[in-house]
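Read through the structure below, which is laid out as structure tokens, and then see the notes.
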Amino acid sequence: MFPHWIRNARVLVAAVVLAAGLAAATSAAAATLDRLRDFVRETQTARAQFTQTVVDRAGRATQSANGEFLLSRPGKFRWAVDKPYRQLIVGDGEKIWFYDEDLQQVIVRGSREALGATPAALLSGREDVEKAFSWQDLPAADGLDWLAAKPLAKDAAFAEIRLGFDARGLVALDLLDAFGQRSSIRFTGMERNPKLPPETFRFVPPKGADVLGEAR
């Protein structure tokens, strides 16, 4: 059984990968699947700062964090939480590495097993990712245009993803899980196709850290 933060992180990364893709290819126009297709064809890397707030079904904020997200297709990403704690998730194309600095613990999973049938299929470069979801344009709210994606798989870890766009592109992402918990992510400084060194997506467990899972 994974720690609670690991389970949340798996769902969060799946959502953010989809978000990064749509953000890079969206302009002031309304969000459409054509933008997602454009990203799959044209975007190889992306980088953004994020803030994340987790709210329970009663509307109470239970967690907050901020950090940086980086993506390199196919199959690589880096999700680094800087505050209020330091946690790191790295996808190197074959494995997903979850590192909790305070616990000095590393958990390793195969990419397919860790993320399953989620929006993270974008990491593999698949252009048919949209077939795993039902899509709906939502009414504009809070000055943003919204697009909803609901997974078709019955065993999905989340119930719905909502993506909010302004004139700059994607700036908001809300993820609702099956228990009514909502993760709200806000992006700033989204870059499309920045130069990212290969070592960005490599992870070597720190000396002395406990390593659990599929390290080999």
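Could you tell me whether region 130-216 comes out rounded, prolate or oblate from its Cα gyration tensor? Rule is a ≥ b ≥ c as square roots of the eigenvalues, rounded for a/c under 1.5, then prolate if a/b exceeds b/c, otherwise oblate. Cα axes put region 130-216 in the oblate bin. Considering only protein heavy atoms and a 1.4 Å probe, what is the carbon-and-sulfur percentage of the accessible area of region 156-207? Within region 156-207, the accessible surface is 54 percent carbon and sulfur.
Pairs exceeding a 29 Å alpha-carbon distance, out of Lys154/Lys195; Lys154/Lys207; Lys76/Lys154; Lys150/Lys195: Lys154/Lys195; Lys154/Lys207; Lys150/Lys195.
The values are calculated or read from the model by the stated rules, or taken from the named source; none is laboratory data. Treat the numbers as computed from the prediction; the structure is a model and nothing was measured. In case anyone asks, the SASA skips ligands and DNA or RNA and just uses the protein heavy atoms, side chains included. Shrake-Rupley method; radii C 1.70, N 1.55, O 1.52, S 1.80 Å.
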